[in-house]
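Taken together, the values in this text are just the output of simple stated rules run on the coordinates, not laboratory data. These numbers were taken from a predicted model, which means no experiment stands behind them. Because the Cβ atoms are built from the backbone with ideal geometry, glycine has one as well, and the counts that use them run over all protein chains shown.
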Amino acid sequence: MVAVAAWLTLFVVGVRHDVAVTGTRLGKGANVDLCAALERTAAFPRLRYMGSKYRLVPQLAEVFAELGGHTALDAFSGSGVVSYLLKSLGYQVTSNDFLTFPTVIARATVVNQSVRLARDDIELICGPPSDDRDFIQRTFDGLYFTADDRQFLDSAWSHIDNLPCYKRALAISALVLAAARKQPRGVFTFTDLRYDDGRRDLRLPLRDHFRERSVAYNRIVFSAGGPNYVLCGDVSEIPPGGYDLVYLDPPYAPPRDDNDYIKRYHFLEGLSAYWRGQKIMEETRTKKLEKRYTPFAYKRTIVEALRQTFKQFKDSTIVLSYSSNAVPDAKTIEGLLREVKNEVEVRPIDYKYSFGTHAAAQRRAVSEYLFIGR
Ligand SMILES: C[S@@+](CC[C@H](N)C(=O)[O-])C[C@H]1O[C@@H](n2cnc3c(N)ncnc32)[C@H](O)[C@@H]1O
């Protein structure tokens, strides 16, 4: 509860607050300061991402600290905030997602321990292009952003292509976040100016967004003292052994609407690789990428997908996030977890959950649960 108060203070009031939280034993017997980990995670640059557990960080931190262990897998990393929390708590983290841009963000913030973009790097990326590439200008003309913004994205990539590993990951993360912030609601399901309420994020040129986001990512780079890892693939392909803790936050099938990440974030996914190796569906109005199949998105396949995933990680402590407006219901999930775990605990957490692209889905009160299988 104390940790929750600290987190809310950090965000709602925006000032640092001294909260007495005693050290918690984690990992190799190290004393971890929960408050310090929360404060660090509060600075994680915020990507508006469907199902992000940003608001649940205090509750997750308390559970992770209580469970302890040394190695952790965040199997559906998304925005990266939970992987970064695990790193801040002292875990050796492996972060995975089957989309590219979440794994680039994890490489920049979780795997990277010390590299930052120098002021000169940022100015080079914001300066004149180093070649005459124009893929983004040609492909997305009239669809997203201004002509200057699209020119900047091509130009930025002409420099990013020459950067070494972690600088590249930092620059791409900043570019992705810049594009997400400038797009109304952060989703690319429409190309007109609906939802444009004139706020600063929508007016700021992408070049200036990029400068600000680069500084924000630079600020959160820190060394955890040991290596962390990133994987980009389907959860079913992750070798299961060796994780003390496995955090699962799959994309549940909602009763209405859908949970297609590519439909919403295709531009960010393309941008993170300069659309290399990705296929644009040319006939679509939004120039989106092909849908990425996941069994977790469908009512008829999610139960078996969860069963297999629990089985895969049966030797680890499993923490599963689940919201009550999803399919299947909580009882079914509990039963599935009990197939592989003797001790199953369900912790309800009430909070406002925000996602969706239209008014009806925009803000719903749902109950969030954590399932813990030991
Ligand atoms: C609910 S989001 C995770 C949110 C994340 N915990 C956060 O706080 O931002 C689910 C993620 O799972 C990924 N995903 C969906 N199906 C997957 C699969 N079969 N294997 C790996 N990742 C998958 C999606 O790309 C998405 O980023």
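Some points to look at:
- Under the convention that each Lys and Arg Cβ holds +1 and each Asp and Glu Cβ holds -1, the size of the dipole of the chain around its Cα centre is about 400 debye.
- Protection proxy ranking, highest mean first, for peptides 74-80, 230-236: 74-80, 230-236, where packing is the per-residue count of other beta-carbon atoms within 10 Å, averaged.
- Dipole orientation for the chain: of the candidates PHE140, SER323, LEU47, SER323 has the Cα lying most toward the positive pole (charges on Cβ; Lys, Arg +1; Asp, Glu -1).
- When the chain is treated as a GNM with alpha-carbon contacts under 10 Å, the residue of ARG347, ARG46, ARG211 showing the greatest mean-square fluctuation is ARG347.
- Ordering SER214, SER324 by the number of other Cβ atoms within 10 Å of each residue's own Cβ, fewest first, gives SER324, SER214.
- In this structure, the amide hydrogen of PHE98, modeled 1.01 Å from its nitrogen in the peptide plane, lies closer than 5 angstrom to those of GLY233, counting only residues at least 5 positions away or on a different chain.
- Charged neighbours of PRO45, selected by a Cβ distance under 12 Å, balance to +4 (K, R count +1; D, E count -1).
- The magnitude of the dipole of the range 158-235, with charges of +1 and -1 set on the Cβ of Lys/Arg and Asp/Glu and taken from the Cα centre, is near 280 debye.
- Candidates ILE105, ILE136, ILE349: whichever shows maximal mean-square fluctuation once the chain is modelled as a Gaussian network with Cα springs under 10 Å: ILE349
- Two-decimal Rg to Rh for the chain - Kirkwood Rh, Cα set: 0.95
- For LYS331, the lysines whose Cα comes closer than 25 Å to its Cα, not counting residues fewer than 8 places off in the same chain, are LYS53, LYS299, LYS311, LYS314, LYS341, LYS352.
- Order of VAL93, VAL344, VAL115 - criterion: other Cβ atoms within 10 Å of each residue's Cβ, fewest first: VAL115, VAL344, VAL93
- Here the dipole of the range 54-153 is about 280 debye; that uses its Cα centre as origin and unit charges on the Cβ of Lys and Arg (positive) and Asp and Glu (negative).
- Along the chain, longest interval not containing exposed GluC sites (Glu not before Pro), exposed being DSSP loop plus at most 14 other Cβ atoms within 10 Å: 1-281
- Inter-site label distance for ARG300 and ASP201 at 7 Å from Cα along Cβ, in nm: 3.8
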